[in-house]
Amino acid sequence: SSSSSSSSHRIIGGNNPKSRTILVVLLASLLILSSLASSSVVNADEATCADSGTTAAVDDDEDDDPITARLLDWLRENGAYINEKLIVRRVDPNDVTSPRGVFATDDIDVGETVCAIPWNLMIKPSEGVNPNISTDDDCLTLDATYDAIRGGDRGEITPYARYLLAQPRDYLPSFWSEAARDLLGQMLRSTRANHLTKSDQLPPRGVDDLITRDVMDWCDIPSERMSDPLFRQAVMLVKARADYHYMVPFYDMMNHHNGRHNTAHKYNPYGGHGDGVIKENGYEMITTRKIKKSEEVYNSYNRCIICDTYVDHVGTPEIFYNWGFVEDMPQRWLFDFARVKFDLNWRNDDDGEPTGDLVATFLVPPSERGIALLQEELDRLSSFETIRDTDPKDRGIPASEWMSLWQYYDALSNALRVAVHQSRDGNMTDEVWKLDDNWWVKDGALTADNYEDHYVYPIINA
């Protein structure tokens with residue numbers, strides 16, 4: 001599920017307070033958090049994967065997936081540049097269920113080209129206009145993707161379209177079964193009588209809006225089209241994999257990791273380069289540091305150099321919403337109704353190895369009121385967890401959706417637990433409640449006024 005889109009992508013749809021860092025050791029939650037780190041989903045081509053946090057010394061052999069192999073051959077045969085020191089293989093070569101990633105077979109220097117994908121090999125809005133769909137570029141990308149995976153008018157499916165067809169279906173929360181989405185909503189919605197925003201809930205927001213608001217309404221698509229399995233898959237593919245208005249082969253094979261991302265866009269499609277320079281040079285990614293042999297090549301889906309409209313409001317919950325996985329540490333959490341925002345990461349020792357202790361870096365100083373609100377939600381989540389041992393079949397929920405829901409539950413509840421416990425060891429202040437609606441804005445391009453492009457709700461019942 002790869003996309004580093006940093007624009008207000010419809011189909012996917014300030015103040016600078018002083019940061020402070022306090023260290024806390026949460027022995028009671030350590031076992032759960034360690035388990036979470038090993039089960040986080042951080043992959044680009046499947047719905048789940050384990051991220052061990054290490055670079056394995058393995059053979060530099062590509063795996064035997066014929067669809068991926070044919071795609072790479074097709075790309076190179078048709079003018080794409082893919083660095084010869086890169087292969088695509090399973091993250092754990094000894095596990096046939098492990099997802100794939102892009103790995104270095106030799107050291108790669110900083111500034112080297114990772115890939116340059118020609119314009120004609122990408123899926124993008126066609127120059128003609130389909131009268132049955134909105135002319136917004138996002139909607140036209142959806143139309144082009146649907147056309148590609150069904151083979152177009154001539155029934156010819158390219159290796160890239162075949163690769164896309166082989167991807168998992170319905171793994172984004174917005175595409176889950178109704179029973180799973182209802183249960184997720186129950187997990188997130190606050191039961192507090194007096195809400196501070198128009199609807200207090202734990203993040204992410206918008207799970208039920210994607211298909212209705214961001215696809216059917218925005219693109220003028222009738223509801224019956226969503227009953228077409230191929231069209232539904234095209235919607236999810238664009239949601240999870242498009243960058244700007246492009247579906248880019250090989251680029252979308254790179255997994256996400258905010259602690260280890262080592263690539264960057266050479267050209268910014270959002271910032272003035274646009275179609276012209278990409279038509280001429282291809283969609284090019286370069287390395288941002290030296291990559292060692294056997295190391296995985298990572299992208300960042302929300303903290304890339306062109307992610308200026310994502311960096312402030314897209315954190316771990318929104319990655320789960322937009323791309324369908326729970327990211328490994330570091331994580332970012334924003335709770336709008338409590339005005340609490342922090343980064344979460346493992347503390348490293350002098351050798352750079354995780355100690356098992358967590359550090360929460362509050363991006364705005366926490367308040368007693370905000371922490372009390374989080375404690376209330378943490379207590380509610382503890383009660384919700386009593387259903388965890390029930391059989392998902394009895395609820396009509398597929399096993400994959402059940403597993404994904406509880407992976408996110410673990411991440412959410414542990415983030416709340418860290419913030420609550422850690423804040424008690426420091427000095428809290430009510431200053432955040434005196435700030436305006438841009439209290440959460442720091443480095444990005446969006447503000448509270450861009451309310452159509454984010455889900456940070458303002459306080460209306462102070």
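The values are calculated or read from the model by the stated rules, or taken from the named source; none is laboratory data. Just so you know, these numbers come straight off a predicted model, no measurement behind them. Here the Cβ positions follow ideal geometry from the backbone for every residue, glycine too, while neighbour counts run over all protein chains shown. Note: areas computed on protein heavy atoms with side chains; ligands, DNA, RNA excluded. Shrake-Rupley method; radii C 1.70, N 1.55, O 1.52, S 1.80 Å.
Side notes on the structure shown:
- Residue match in segment 234-254 (condition: surrounded by fewer than 17 Cβ atoms within 10 Å (Cβ to Cβ) and of a type outside the set (V, I, T)): no
- Verdict on C139 being in contact with an Asp or Glu (Cβ under 9 Å, 6 or more places away or on another chain), part of a loop (DSSP other than H, G, I, E, B), crowded, with 17+ Cβ neighbours inside 10 Å and among the hydrophobic types (A, V, I, L, M, F, W, C): no
- From T386, T390, T355, residue being part of a helix (DSSP H, G or I), on the phi < 0 side of the Ramachandran plot, β-branched (V, I, T) and open to solvent by 40 Å² or more (accessible area, probe 1.4 Å): T386
- Scoring Q422 on the criteria (1) open to solvent by less than 40 Å² (accessible area, probe 1.4 Å); (2) assigned to a helix (DSSP H, G or I); (3) closer than 20 Å to L183 by Cα leaves a single failure, condition (3).
- For segment 65-77, the criterion of a residue being part of a loop (DSSP other than H, G, I, E, B) and in contact with an Asp or Glu (Cβ under 9 Å, 6 or more places away or on another chain) is satisfied by no position.
- Test: R332 is modelled with pLDDT of 95 or more, open to solvent by 10 Å² or more (accessible area, probe 1.4 Å) and assigned to a strand (DSSP E or B): yes
- Flag not set for S404, criterion: closer than 24 Å to L210 by Cβ, among the polar types (S, T, N, Q) and open to solvent by 20 Å² or more (accessible area, probe 1.4 Å).
- With respect to the conditions (1) touching a Ser or Thr at 6+ places or on another chain (Cβ under 9 Å); (2) β-branched (V, I, T); (3) modelled with pLDDT of 90 or more; (4) under 19 Å from L164 (Cα atoms), T97 falls short on a single one, namely (3).
- Cβ pairs under 8 Å, 6+ apart, first in segment 83-96 and among the β-branched types (V, I, T), second open to solvent by 20 Å² or more (accessible area, probe 1.4 Å) and in a strand (DSSP E or B): V88/R100; V91/R100; V96/R90
Listed here are the residues, each with its yes/no results for (1) closer than 30 Å to M403 by Cβ; (2) at pLDDT below 95; (3) open to solvent by less than 50 Å² (accessible area, probe 1.4 Å).
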| residue | (1), (2), (3) |
| --- | --- |
| G128 | no, yes, yes |
| T135 | no, yes, no |
| A144 | no, yes, yes |
| P159 | no, no, yes |
| P168 | yes, yes, yes |
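- Within segment 292-322, if we keep just the residues that are hydrophobic (A, V, I, L, M, F, W, C) and within 25 Å of D449 (Cα to Cα), the residue that is surrounded by the fewest Cβ atoms within 10 Å (Cβ to Cβ) turns out to be I305.
- Among the residues here, Y163 does not qualify as touching a Gly at 6+ places or on another chain (Cβ under 6 Å) and open to solvent by less than 40 Å² (accessible area, probe 1.4 Å).
- Checklist (1) open to solvent by 30 Å² or more (accessible area, probe 1.4 Å); (2) at pLDDT 95 or above applied to M122, failing item: (1)
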